[in-house]
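In what follows, a structure is listed as structure tokens, so that the remarks can point back to it.
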Amino acid sequence: MIRLIQSGLMYGNLFHVASPALVDRYNRALKHLTGQTTTLTDFYIDISGFSPEVGNDLNDPLYLNHNGVNRQFILLSTEQRNCPLLDAKFSTSLPILQRFIAENEAALFALTARDAVAGELINSIYDLKDPKRLFDIRAITVEADTTMGTVRNAADLAAKVDTFLTQEDAWFDDVLIGEMITLAGQTGDVTRNPVQLKPLKVEQGNFWTAHFGGLYVFQSVDHPATIAVGDKPDDLPTKYTFDLTERNRIAKFLEFNDLVEPVVKARGIDGAAILRQKMDFILVAAVTAAGVDLAGTTRRDMRMLARRHSDLLPEAFHGLAALVNWAENGGSWPRISSDHPAYFYTLRAADTPDHALVNMLLSELSPLDVRQLFICHKQAFYAAYATWPERQKEYVARYLEAEYKADKAGAREALFGHDAPLTEPQPKPRDLIERVGPWGAVRR
């Protein structure tokens, strides 16, 4: 993994904790949450305040996420909003933290100027010994305060101020006035500068979890189902449970719930170009496994490699090639049904609130598309990367550093156009949109 770390593709974009003041605040928050402190004076943290270096120092990689539920967090700066979430156990944790910071940015900016903010993503369970317990998580509530209790003290002071202003003879209550003076010394004037964090409670609808080998839980759709990356758990509350080998059933589930759309018919993107890039990644996997050296290869060289090593290319490559020919040249449409190896490579998430979760699932169903795997499911990408031959590791790391990392926003918009505002695209030829196409096979 050293190659990924050096190129900023792993543990990248973290917040650097190096000054004595920040380290001291971090340790106060760490002590507050876990009863421990770190001896490190220089380390990096993610959006939740988790640091792999601190985890190694404490010999506890889950020091802020014990049992993988109710994740705790430490905020030293609102800049953490732009950091990733490392070793996430739930797909909902990152967007919840991002939303909490965004909705409380002004207050957090003021609070973190003097102290660390420590908090927790609280749900209704404390362990996950049984997969059925996942369905007891109805909502996630965010609770947070500084290590000195500034938010709590400000609320107490505000209540005492109200009492002082409304209660008769409060002017003569020396105890009340003394308490107000003490709290004001800690919080400042809350009547002019309110110190509060907006409460945040998020319903737990559809989500992915790393627990039990990886599960995609779709419980807030018209046709609920759970999709297991590993072995299927028994007796789950959803009517249907699939594993990744049940491609036809997963395809029908995605279609019935209108969760996906064909890449070549998506508005605002060059679908054929995206499919060609997927073909390149499939080619790379095939030829590097056979020992071919890809050093210094260009796009033209990739086409030459495809011709020279066509016998090594899997059916997914040939299916995508036929689809590109159909889209660009009006060739005969290929019959790519849901059991075809290329099928899930031809899809992307539709424009729904769950598009990120669906793209995450699609990346596991089309794992040779390493760009989508890296963008949508980094944990799966890192696990796959560790198994690749060195030539494939080198090519993929070089590509991601040169092509994706240089323009992340542009790459994401090219792949998932509805994730960002789009200008109105030029209309495609009517016959291309209305032709039956290869997806008719799954609608039988």
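Probing with 1.4 Å while keeping every protein chain in the model, the per residue accessible area of segment 38-144 equals 42 Å².
Ranked by solvent-accessible area (1.4 Å probe, protein heavy atoms only, all chains present), the residues V292, V370, V175 order from largest to smallest as V175, V292, V370.
Ranked by the mean number of other Cβ atoms within 10 Å per residue, highest first, peptides 88-101, 58-71 order as 88-101, 58-71. Note on segment 281-354: with charges restricted to the Cβ of Lys and Arg (+1) and Asp and Glu (-1), its dipole about the Cα centre is near 320 debye. For the pair segment 226-270 / segment 362-393, the C-alpha centres are spaced 19 Å from each other. Sorting 17-26, 305-314 by their mean Cβ neighbour count within 10 Å, with the most densely packed peptide first, gives 17-26, 305-314.
The values are calculated or read from the model by the stated rules, or taken from the named source; none is laboratory data. Note that the structure is a prediction, hence the values are computed from the model and not measured. Note that we place each Cβ from the backbone using ideal geometry, even for glycine, and neighbour counts take in every protein chain shown. Just so you know, the surface numbers come from the protein's heavy atoms only, side chains and all, with ligands and any DNA or RNA stripped out. Shrake-Rupley method; radii C 1.70, N 1.55, O 1.52, S 1.80 Å.
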